[in-house]
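Notes follow the structure.
The values are calculated or read from the model by the stated rules, or taken from the named source; none is laboratory data. Worth saying up front: this structure is predicted, and the values here are computed from it rather than measured. Glycine also receives a Cβ, built like all others from the backbone with ideal geometry; neighbour counts cover every protein chain displayed. What goes into the accessible areas is simple: the full protein's heavy atoms, side chains included, and nothing from ligands, DNA or RNA. Shrake-Rupley method; radii C 1.70, N 1.55, O 1.52, S 1.80 Å.
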Amino acid sequence: MKEVVLSLVVTVYSLTLISCKSKEQASELSETDSISQVEEHVVGERDTILLKNIIRYSGAVQDNIRTSLETFSPLASVLEFAQRSVSLKDSLEFAHETQPLTDPQDSLIFMPHQTQAYQAILDYKKLMASGPSLQDVCPKLIALNRVTDAGDSSSNLLPPAGASTVLSHGDFFFLGGAPFISKLTTDDNAVYSDPQGNPETRFESYVTENGNYILNSIYHFKKNLPTTISFGPPLGSYDGGPQEVNGIGSLIHEFNSRIPVMFFTENGLVPAHLISITIKIVPESLGCVSDQPNLVFACSKNIEAQDILGIYIPYNTTPIVSCKITRHPNSVWTADLNNDGIPEFACVTGSFEGIASDVMLDALWFVNIEGGWEIIDSGQELDCT
């Protein structure tokens, strides 16, 4: 899976007339050299003060740990064969300036590769139906080496972490939530239902960094996960034809037994489930379209996407006691998971100027590991390039 790398377009603005409250906050922030820009922006239904260009982060370091975490071994050859088949077909179409291909000689060239890729997909579907038995090692999420780039000042906004060992074992997965999660609706606005026929609300996430690591992590740490694989339609491309293997553009992994998760909200913990992960067989690379896995969650409560601040997936049986959210200045929140007054998670939300809009959102989520804040996920609005 290819990581989507987004470039920040950084500009400097002068502050003009703002409210007295904003002036006071800007004055307080002036003590931090790199935090000097404040802008009013609406996040969901909340009027929120967002600081510009405070987050400078480009993803986890590309090392052996990251490679081990993001590479799902049963899928690796499938994606390799699919990429080879699609690339070869695209090259032939480009060379002949025609789509679809009509020359029988072209078919003789690319059809063996397409057949190989299609058979790999069918073999993968069969393997996943019974649940893969994995022999390789998958690191824990907290093992990733995530460092900020020069000029980042997000951690300066965080309150003191406090001594906490609640999550130091690392037996969990975490995904950032709002503003990078959205509610799913059907074309006819029909109500979704669970396997028992009860109504439920569904959400999707396809922006935050940890989406790249969840497939491999889930199958290693949850184990014994029979999965039904279905196929999505061909993918788009900038200047070529549909990208597909025998009409297949993506692999939809639907868990036969849903994965329990917990939504962090200001009203406490909300039980939910991860029900599917969709993986594209090749990147679309369309700028405003994410190439990351698409994750779908289901919840029996009718809540809004903006209420979901984080998504916690436990890998052990130790329950979370609570989720007390505390709002701090400058679009920062913290979450206390055991009511001891020491936060275990935090989030900083900021903004940057992009091509699609002058005000685009980015965020970093942090976890408290033995008294220190460490980045645990990141998100940035998709910019059109």
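Residue-by-condition table, conditions (1) at pLDDT 95 or above; (2) in a loop (DSSP other than H, G, I, E, B); (3) not hydrophobic (A, V, I, L, M, F, W, C):
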position: I320; (1), (2), (3): no, yes, no
position: I325; (1), (2), (3): yes, no, no
position: N330; (1), (2), (3): no, yes, yes
position: A335; (1), (2), (3): yes, no, no
position: I342; (1), (2), (3): yes, yes, no
position: V348; (1), (2), (3): yes, no, no
position: W365; (1), (2), (3): yes, no, no
position: I376; (1), (2), (3): yes, no, no
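Among the residues of region 287-309, which ones are charged (D, E, K, R) and buried (at least 18 other Cβ atoms within 10 Å of the Cβ)?
Of the residues in region 287-309, the ones charged (D, E, K, R) are 291, 301, 304, 307.
Correct list: D291 only.
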Step by step: first the residues of region 274-286, then only those that are in contact with a Ser or Thr (Cβ under 7 Å, 6 or more places away or on another chain) and either hydroxyl-bearing (S, T, Y) or over 23 Å from A305 (Cβ atoms) (or both), then the one that is surrounded by the most Cβ atoms within 10 Å (Cβ to Cβ). Which residue is that? I281
What's the number of the condition G197 fails, among (1) farther than 28 Å from N339 by Cβ; (2) open to solvent by 40 Å² or more (accessible area, probe 1.4 Å); (3) in contact with a helix residue (DSSP H, G or I) (Cβ under 8 Å, 6 or more places away or on another chain)? (3)
Considering every residue within region 241-249, establish whether at least one is modelled with pLDDT under 95 and part of a strand (DSSP E or B). yes
When region 40-64 is examined, which residues are found to be at pLDDT below 90 and open to solvent by 10 Å² or more (accessible area, probe 1.4 Å)? E40, H41, V42, V43, G44, E45, R46, D47, T48, I49
Looking at region 343-385 only, could you name the residues that are acidic (D, E) and either within 27 Å of S322 (Cα to Cα) or surrounded by 24 or more Cβ atoms within 10 Å (Cβ to Cβ) (or both)? E344, D362, E370, E374, D377
Of all residues in region 232-273, which are open to solvent by 50 Å² or more (accessible area, probe 1.4 Å) and free of Cβ contacts under 8 Å to residues at least 24 places away in the same chain? P233, P234, D239, P242
Can you give me the number of residues within region 127-137 that are closer than 14 Å to S77 by Cβ and without any contact (Cβ under 8 Å) to a residue 60 or more places away in the chain? 1
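Would it be correct to say that A163 is more than 15 Å from P293 (Cα to Cα), outside any strand (DSSP E or B) and outside the structural domain of D307 (by the TED database)? Talk me through it step by step, then tell me what you get.
Working: more than 15 Å from P293 (Cα to Cα): yes; outside any strand (DSSP E or B): yes; outside the structural domain of D307 (by the TED database): yes.
For A163, the condition - more than 15 Å from P293 (Cα to Cα), outside any strand (DSSP E or B) and outside the structural domain of D307 (by the TED database) - is met.
Please go through region 57-85 and give me each residue that is assigned to a helix (DSSP H, G or I) and β-branched (V, I, T), ordered by number.
Kept after step one, since they are assigned to a helix (DSSP H, G or I), are these residues of region 57-85: 64-70, 73-85.
Scanning region 57-85 gives I65, T67, V78.
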Out of N198, N210, I need the residue that is of a type in the set (S, T, N, Q), in contact (Cβ under 8 Å) with a residue 12 or more places away in the chain and in contact with a strand residue (DSSP E or B) (Cβ under 8 Å, 6 or more places away or on another chain). Which one? N210
Return only the number of the condition from (1) open to solvent by less than 20 Å² (accessible area, probe 1.4 Å); (2) at pLDDT below 95 that Y312 does not satisfy. (2)
Say whether the condition of being open to solvent by less than 40 Å² (accessible area, probe 1.4 Å), closer than 16 Å to R327 by Cα and either in contact with a helix residue (DSSP H, G or I) (Cβ under 9 Å, 6 or more places away or on another chain) or among the polar types (S, T, N, Q) (or both) is met by at least one residue in region 160-171. no
Kindly check whether there is at least one residue in region 87-97 that is at positive phi, open to solvent by 30 Å² or more (accessible area, probe 1.4 Å) and at pLDDT 50 or above. yes
